[in-house]
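The values are calculated or read from the model by the stated rules, or taken from the named source; none is laboratory data. Computed from a prediction, not measured in an experiment: that's the story for all the values here. SASA here: full protein model, heavy atoms, side chains in, ligands and nucleic acids out. Shrake-Rupley method; radii C 1.70, N 1.55, O 1.52, S 1.80 Å.
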Amino acid sequence: MKKCTKCKEMKPLTEYFKQSHTADGKRGDCRTCCAASRRKWVKDNPEKYQAQLEKRKVSEILNEDQKQSL
């Protein structure tokens, strides 16, 4: 069990995403709070979010090309 840093609820470790550089290997905020935080960021930063999507699409295309050339 671990206490979420945002909602302050005690939850099992399965309710937290992995984060390798922390002592317990889990994020401080639970999956629910993390998702809510991400949704808020996407809503507040639509231009940055679109830029991330475009960058990801380009990376996927480049990776497909590299796989096909092997």
- How large is ³J(HN,Hα), in whole Hz, for each residue of the stretch 11-25 in order, when computed from phi with the Karplus curve 6.51 cos²θ - 1.76 cosθ + 1.60 and θ = phi - 60°, using x for Gly and Pro? 9, x, 4, 5, 8, 10, 6, 6, 8, 4, 8, 8, 4, 9, x
- Angle between the chain longest axis and helix 31-44 axis [Cα atoms, degrees, rounded to 10]: 50
- Residue-normalised accessible area of the chain, given per residue in Å² at a 1.4 Å probe: 83
- Task: Show which aspartates and glutamates lie in cross-link reach of residue 8 when reach means a straight Cα distance below 18 angstrom and same-chain residues fewer than eight apart are skipped.
- Result: 24, 29
- Near the amide H of residue 26, under 5 Å away, which other amide H atoms are found, from residues 5 or more places off or on another chain, if H is placed in the peptide plane? 19
- Evaluated at 37 °C and 0.692 mPa s, the Stokes-Einstein D of the chain based on the Kirkwood radius over Cα pairs, in µm²/s, stands at 225
- Message: Using a 1.4 Å probe on the protein heavy atoms only, what accessible surface does residue 1 show? Give it in Å² to the nearest 10.
- Response: 140
- Long pairs among 6/40; 6/48; 26/48, criterion Cα-Cα beyond 22 Å: 6/48; 26/48
- Item | Carbon plus sulfur fraction of accessible area for the chain, probe 1.4 Å, in percent | 55
- Item | Whole-angstrom gap from the stretch 33-70 to the stretch 17-31, using each part's C-alpha centre | 22
